[in-house]
Amino acid sequence: MIRIILFLLLIALAAAGAAWMADQPGDLVLNWGGLRLTSKQPMYLLGLVVVAAMIAGVILRGLWKIPGHIRRGRRERRHARGRHAITQGLLAIGHGDSAGARAHAEVARRHAANDPLALLLHAQSAQLDGDRAGAQRAFRAMAERVDTRLLGLRGLFIEAQRADDPVAAVMIAEEALKMSPSSSWASHAVLGFCCAKGDWAGALSIIDNNQSAGLINKATYRRQRGVLLTARALEFETVDRDLSRSSAMEAVKLAPTLIPAAVLAAKFESEAHQVRRAMRIVETAWLAQPHPDLADAYSHVRLGDAARQRLVRVETLAAKTPGHIEGALAIARAAIDAAEFARARAALEPFVAAPTQRVALLMAEIERTEHGDSGRARAWTLRAVRALHDPVWAADGYVSDRWRPVSPVTGRLDAFQWQTPVAALPSDKGHAIESSPFEEAMLAPRRVEPPKEPASEPVDAKPAEPVEIKPVEIKPLEPAAPTVQDNAPLPAIEAEPAPAPAEPAAPEPVPAPAAESAPPAPAPLFRSRADLPKAAPAPIPAVIPIVRAPDDPGVDEDGPVDEFAEQIGPPKAQVGGWRGFLSRLGS
């Protein structure tokens, strides 16, 4: 608006000046060589003079600016060639052409030495060639400039990491963080360094700066702050109980599903006799991710409880996630501690067909503790070798025996997850270790009930068991039967001849083990004497065959063998004569 007003004022002044000159009397005469111009109105002649002067001025000005135009044109052409070389060099770096990138970097250095992209091209081409010294020089030159300082520090940080110099890398990251608090790579590097050296206060301040700078959202901020508070609580658990308790309680408020925070907070609440609050904390984390540490904390939430009370409490927790393997494992563990082996077997029954390592080890413990059966326990232990892996704390391929706040591989915060490791995932190939006959025999269903059934039957059916085992031997022994029992009276033998052939058909459904076919007394082919009491033939106890593994050396009844005292072959007699003399002389 102001420009328009000024333009109108200039036009008005020019018109007023032209009108004033037109009103002035007089003649204007112009003599130029043989040319004579005369005008009654000097306005027109003055206009011609002004136009001629303007044309002459334009011509002179153009001539004066020609050198500048030439210099500017040369500079623009050099700049264009430099930009073209930078573009082609970056494209060459993109598809891995190190020779082309190096050539374009040299062209860009000649034509656009002060261009920041030329320095970046030179640094990246040196990195592509493996020239770390040249890359460091280029990044150092970029760090000395104001416009490329942050980019140069970033490059120096990467080179320090490649050179395995964490001290220099952290120093560079701290300098970059001071220059730009919103730099994500610098805050990530400094955060990992603070966590590595246990500076939880510094790590928490960096998290706060990241949240204020908008680098992370509110949910991520709460989770990461909860992780750092949990790490501080675990570290100061035995040093500063008050600080550890306050950190754990704040961590549970920020991240209720964080398993280590829930376990530690439940422990502190249990010690303070806040049982219901501790149970709610564990239940919240359990519903999100069942974990054995949560089950253990829930079972011991009330100090001094008996093993059966802990078992009931664990069953209540496992009922919140029905069918989950962690609930079954927790019940089995608590049942074994309470000597409730039937409950333990029932809890593990759905997972016995395809057991994990913990399931197999618990079954081995049940067999060893309940029955003292070392054979079946060993079979379950062998089965655990090739069983499926249980979930573990893993981060970036690294498996840890405990939870950690930061990944040791990448330095990423909250990287550890409760999951099955990648190396343990099932494949389409078969097992490397196949089952053995020993394992199949040991893991066969236990025959406990059949030996107890004949004890409730009449005694008359008991002598028929050996007849069932060896039916072929009965026929040739029938004529020689009186000689086997010569002390039995003849009327007792002939008194009841009919029940003898009818008895072998009774115990057909229950075949006796092979070890029972050789009792210490002769096999009774006839009924016992009538004058003897019926309780005389004691029931034969059930004998379980002992199947020994192929690699089991068994029990050495002869004691340890001294290999030095054992004499191989018959003792040699002393050599006599001159040979014996020479041998004794040499010894």
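Taking the full set of protein chains and a 1.4 angstrom probe, give the accessible area of Thr238 in square angstrom, rounded to the nearest 10.
About 130 Å², ignoring ligands and nucleic acids.
Could you order Ser244, Ser205 by accessible surface area, starting with the largest, using a probe radius of 1.4 Å?
Ser205, Ser244
Got a number for carbon plus sulfur as a percent of segment 52-139's accessible area, 1.4 Å probe?
60
List the extent of the Cα atoms of segment 249-342 along each of their three principal axes, largest first, rounded to whole Å.
Taking the Cα atoms of segment 249-342, the three principal extents are 41, 29, 16 Å.
For Arg132 and Arg83, compute 0.36 nm times the residue count separating them, minus their Cα-Cα distance, and round to one decimal in nm.
Value of the extension gain: 15.2 nm.
What figure, in Å² to the nearest 10, do you get for the accessible area of His84 with a 1.4 Å probe and non-protein molecules left out?
So the heavy atoms of His84 present about 110 Å² to solvent.
With a 1.4 Å probe and all protein chains left in place, how much accessible area per residue does segment 114-219 have, in Å²?
Spelled out: the 1.4 Å probe surface of segment 114-219, per residue, equals 51 Å².
Just the Cα atoms of segment 50-115: what Rg and Dmax do they give in Å?
19.9, 66
Arrange the residues Met279, Met54, Met142 by how much accessible surface each exposes, largest first, with a 1.4 angstrom probe. Don't jump to the answer; show the numbers that get you there.
Numbers: Met279 45, Met54 125, Met142 0 Å².
From most exposed to least exposed: Met54, Met279, Met142.
Could you compute the net charge surrounding Lys65? Neighbours are other residues with a C-beta less than 14 Å from the C-beta of Lys65; K and R count +1, D and E count -1.
So the surrounding residues net to +3.
Starting from 0 in steps of 5 Å, tell me what percent of the Cα-Cα pairs of segment 112-253 lands in each bin.
2, 10, 16, 16, 14, 12, 10, 8, 5, 4, 2, 1, 0
Quick one: compute a quarter of the convex hull surface over the Cα atoms of segment 356-413 and quote it in nm².
The directionally averaged projection comes out at 4.7 nm².
Heavy atoms only, 1.4 Å probe, whole protein assembly: order Ile4, Ile259 by accessible area, highest first.
Result, largest first: Ile4, Ile259.
Suppose the Debye formula is applied to equal point scatterers at every Cα of segment 287-400; what is log10 I(q)/I(0) at q = 0.13, 0.19, 0.21 Å⁻¹?
Rounded to two decimals, the profile gives -0.51, -1.02, -1.17.
The values are calculated or read from the model by the stated rules, or taken from the named source; none is laboratory data. All of these numbers come straight from a predicted model, not from anything done at the bench. Cβ atoms come from the backbone with ideal geometry, glycine included; neighbour counts cover every protein chain shown. Side chains are part of the model used for accessible areas, which takes the heavy atoms of the whole protein and leaves out ligands, DNA and RNA. Shrake-Rupley method; radii C 1.70, N 1.55, O 1.52, S 1.80 Å.
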